[in-house]
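The block underneath contains the structure these notes are about, expressed in C-alpha cells.
Rule-based calculations on the coordinates, nothing more; no lab input. Keep in mind that what you see is a predicted model, and the values were worked out from it rather than measured. FYI the Cβ positions are ideal-geometry reconstructions off the backbone, even for glycines, and counts take in every protein chain you see.
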Amino acid sequence: MSKISAAITAVGSYLPDFVLTNEILETMVDTNDEWITSRTGIKERRILKDPNKGTSFMAIEAAKELLKKGNIDPTEIDMVIVATATPDMPVASTAVYTASQIGAVNAFAYDLVAACSSFLYGISTAAKYIESGRYKKVLLIGADKMSSIIDYTDRATCIIFGDGAGAVLFEPNQEGLGVQDEYLRSDGVGREFLKIDAGGSIRPPSKETVDNNEHYVFQDGRTVFKFAVSNMADVSAKIMERNELSNDDVDFLIAHQANKRIIDATANRMGLDQAKVLMNIQRYGNTTSATLPLLMSDYENQLKKGDNIVLAAFGGGFTWGSIYLKWAYNS
Ligand code: UT7
C-alpha cells in the first residue's frame, strides 16, 4: 500500500461585515492612509462588532461554509482543531463548542495556540493525525477576534489587526498529494516583543491591570519586523532547498499576512514573481490565525491539483516556519 499523506480537500471562510478603513482609523488615532499603506500594505480590515459574539461564532460560520461547499456530513468528522490566539474564554475550549455547534458529534476537539503561527502549526498537527492512518477527516479552523484584544487608542497596533476565520478539511491521500515537508521553529527570545502582559497566570486580571490597559496587545513592531523579515525568508528558502524546488517549481507562496514588506522580502528571497504571491492583506489586515486559510479560500479557484505551494508564517513567541504541500483538487 502506498504511503498516506494528508491533503486539503475543502475550504471555507467567514468575514464579519463591518469594514474598518484607513480613513475611519484616521478619525480614531493620529495616523493616515499614506503611512499605513506604505508601511504595511493594509487598506481595510473586518471587525466583528457584536459584543456578544466571540471567535467561535466566526469559526462556526467558516466551518459551516466548508461543510456546505464540500457536501460533507459533519458526523463523519473525527477531529476539530481551532487555531487561535483569542479563544472565547480561558479554559472552556473554543474548538469543543465549535464542533458541537456544527454537528461534529463524533469528533474530539481542542484549541491550538501559537500566536500568528497557530494555523501553520495546526497544519502540522492535523497532518500527523491523518498520516497515522487512524483518523480520516480532520477539520482545522483558524479564527481570531483580534478586535477583542486591541487597544484602539494605540496607533502602533490598531492599524494592523482584523477579525476573520478560515477552515480547511484534511483527508488521507494516496496519490502523493498534500503535506510534503515542514520546517517549524520557535524561540523564547520573542516573549518580550509581542505579548499581552495581563490576564494570564503570571499577572491575573485586576482593576489595576485593566486601568493600565495591560489586557491589550503590546508589540515592539520594529524588533518583530526585523526577526520576521529574516526568519520567514530563511525557512522558506530552506524548505525549497531541502525539497530541491527551484523558483519555477513553486506555483504559489501562501504567507502570513502581517506586513506586505515582510511578504515581499520572503518572495524576493525565494525568487518568485508577484503573480505567485497570494495577497489579501490590503482587505483584511492581519487576522492572526486566519490569514493562511483566508488566502486558500479567496484564491481557491486559482489553485490546481498538483500545484506546489509553500506556506510560511511568523508570529509572537517567537514562532515561525514553513510547510511545503501539493494542492489536491481543482475547484
Ligand atoms: O503577525 C505577527 C507578527 N507581527 C509582525 O510581523 C509585525 C511586524 N512589524 C511591523 O509590521 C511594523 O513594525 C509596523 C507596521 C508595526 C510599524 O512599521 P515600522 O516601519 O516598523 O514603524 P516604526 O514602529 O519603526 O515607527 C516609525 C515611526 C515612528 O515615529 P518616529 O519615532 O520615527 O517619529 C512611529 O511613532 O512611525 C510612527 N508610527 C506611526 N505613524 C503614523 C507608528 N505607528 C504609526 C501610525 N501612523 N499608525
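When averaged across all projection directions, what area in nm² does the alpha-carbon convex hull of the chain cover?
Mean projected area of the Cα convex hull: 16.2 nm².
Legend: helices of the chain (whole DSSP H runs) are marked when their alpha-carbon atoms reach 20 angstrom or more along the helix axis and their mean Kyte-Doolittle hydropathy is at least -0.5; marked are 55-70, 221-242. Using a cut-off of 22 Å between Cα atoms, the listed pairs Lys3/Lys326; Lys64/Lys305; Lys226/Lys260 include Lys64/Lys305 as exceeding that distance.
Computed from point charges on the beta carbon alone (+1 for Lys and Arg, -1 for Asp and Glu), the dipole magnitude for the range 5-176 about its Cα centre is near 440 Debye. Helices in the chain, meaning DSSP H runs of at least 4 residues, each add -39500 (n - 2.57). Divided by all residues, the mean residue ellipticity at 222 nm is -9000 deg cm²/dmol. In a simple Cβ point-charge model (Lys, Arg +1; Asp, Glu -1; nothing else charged), the range 179-326 has a dipole of about 160 debye relative to its Cα centre. One Cα centroid belongs to the range 46-63, the other to the range 77-114; the line between them spans 14 Å.
Using only the Cα atoms of the range 179-326, construct the convex hull and provide its projected area averaged over every direction, in square nanometres to one decimal. Taking the Cα atoms of the range 179-326, their convex hull projects to 9.7 nm² on average. Remark: the Lys3-Lys207 segment gains 67.9 nm on full extension, using 0.36 nm per residue and subtracting the alpha carbon distance.
Note on the chain: with charges restricted to the Cβ of Lys and Arg (+1) and Asp and Glu (-1), its dipole about the Cα centre is near 420 debye.
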